[in-house]
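Here is the structure we will look at.
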Amino acid sequence: MDAIILAAGLGTRLRPHTEKIPKPLLPIQGRPLLDWIIGALPPIERLLVVVNYLAEQIDDYLKTQSRITNWQTVRQEVPRGTGDALKSCAPYAQSDKIMVLNGDDLFSANDLHRLARHPAGMLAHPVDEPQKFGIVFQKADGSLDYLAEKPALTGTRLANIGAYLFPRKVFDIPLEKSPRGEYEITDAVSQLAKEMNFAVEQATFWFPIGNVPAWEASQSIDLTPCVSIQ
């Protein structure tokens with residue numbers, strides 16, 4: 001299995017802290033965010049990190065870390081969405097299974113290990129404001145039926161949290177620009193769910209680092225779930 005971490009964002013909601021440091025390298029309890037993500041990964045054969053903003057700093061970090069020896073950065077020259085970031089990795093991925101993670105979220109190592117056992121799937125986590133998230137709708141067997149982006153719903157729902165496991169054929173799925181002018185990884189998810197059983201694993205831990213208050217809060221939360229069980 002290969003892993004892809006999407007780390008090309010500008011981190012605008014975390015400014016001024018991201019003016020000179022890319023969001024994936026912001027320190028959390030003494031370690032870069034990216035280091036926490038890599039440390040939670042199940043065993044992988046190759047790591048690809050999609051970069052753009054302050055890419056050279058991410059390269060420098062990867063050269064000094066010792067967790068993964070077989071890695072490569074992939075530059076997304078023009079930020080055109082998560083789907084485009086995924087497809088930019090097609091020439092460099094080597095395995096039949098590809099785990100893809102957002103580069104600005106903290107995940108449980110145990111959850112990622114459970115996800116890795118499936119042929120294809122995603123993690124989802126309960127949220128109380130579904131109108132702010134991509135919401136997961138499941139079939140009777142628990143697999144993914146479809147995703148709805150920020151639906152006008154209330155109550156607790158399962159949200160897409162940006163952790164996926166894809167078969168290699170995901171790179172061959174044609175994507176069209178979304179209404180916001182980007183290529184969305186969720187469109188690939190939806191197409192795969194029509195063709196195969198796309199598992200939904202409910203995450204036990206998820207902490208998105210989307211803004212300054214979240215980053216500040218991450219400095220004092222219990223990050224034991226992020227520690228690898230390898």
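The values are calculated or read from the model by the stated rules, or taken from the named source; none is laboratory data. This one's a predicted model, so the numbers in the text were calculated from it and none came from an experiment. Every residue, glycine as well, gets a Cβ built from its backbone with ideal geometry; the counts of neighbours run over all protein chains shown.
For the condition among the hydrophobic types (A, V, I, L, M, F, W, C), closer than 22 Å to Asp187 by Cα, outside any loop (DSSP other than H, G, I, E, B) and in contact (Cβ under 8 Å) with a residue 40 or more places away in the chain, Ala8 does not qualify. So, in the range 129-157, of the ones that are under 30 Å from Arg46 (Cβ atoms) and of a type in the set (A, V, I, L, M), which residue ends up surrounded by the fewest Cβ atoms within 10 Å (Cβ to Cβ)? My answer is Leu147.
Given the criteria among the hydroxyl-bearing types (Ser, Thr, Tyr) and surrounded by fewer than 21 Cβ atoms within 10 Å (Cβ to Cβ), does Tyr164 qualify? Talk me through it step by step, then tell me what you get.
Working: among the hydroxyl-bearing types (Ser, Thr, Tyr): yes; surrounded by fewer than 21 Cβ atoms within 10 Å (Cβ to Cβ): no.
Taking the combined requirement at face value, the residue does not satisfy it.
In the range 206-225, which residue that is in contact with a helix residue (DSSP H, G or I) (Cβ under 9 Å, 6 or more places away or on another chain) and part of a loop (DSSP other than H, G, I, E, B) is farthest from His113 (Cα to Cα)?
Per the criteria, the residue is Asn211.
Residues Val100, Val136: which one is under 23 Å from Phe205 (Cβ atoms), in contact (Cβ under 8 Å) with a residue 40 or more places away in the chain, of a type in the set (Val, Ile, Thr) and touching a helix residue (DSSP H, G or I) at 6+ places or on another chain (Cβ under 9 Å)?
Values: Val136 fails: touching a helix residue (DSSP H, G or I) at 6+ places or on another chain (Cβ under 9 Å).
The conditions single out Val100.
Entry remark, the range 154-205: residues being over 25 Å from His113 (Cα atoms), in a helix (DSSP H, G or I) and within 18 Å of the chain's Cα centre (by Cα) number 0 in total. Scanning the range 153-176 for residues being more than 20 Å from Met1 (Cα to Cα) and touching a residue at least 60 places away in the same chain (Cβ under 8 Å) gives a total of 1. Of the numbered criteria (1) modelled with pLDDT under 95; (2) touching a strand residue (DSSP E or B) at 6+ places or on another chain (Cβ under 9 Å), the one Gln230 fails is (2).
Listed by first and then second residue, the pairs with beta-carbon distance under 6 Å, at least 6 apart or on different chains, first residue in the range 203-216 and touching a residue at least 60 places away in the same chain (Cβ under 8 Å), second of a type in the set (Phe, Trp, Tyr) and not in a loop (DSSP other than H, G, I, E, B), are Ile209/Trp215.
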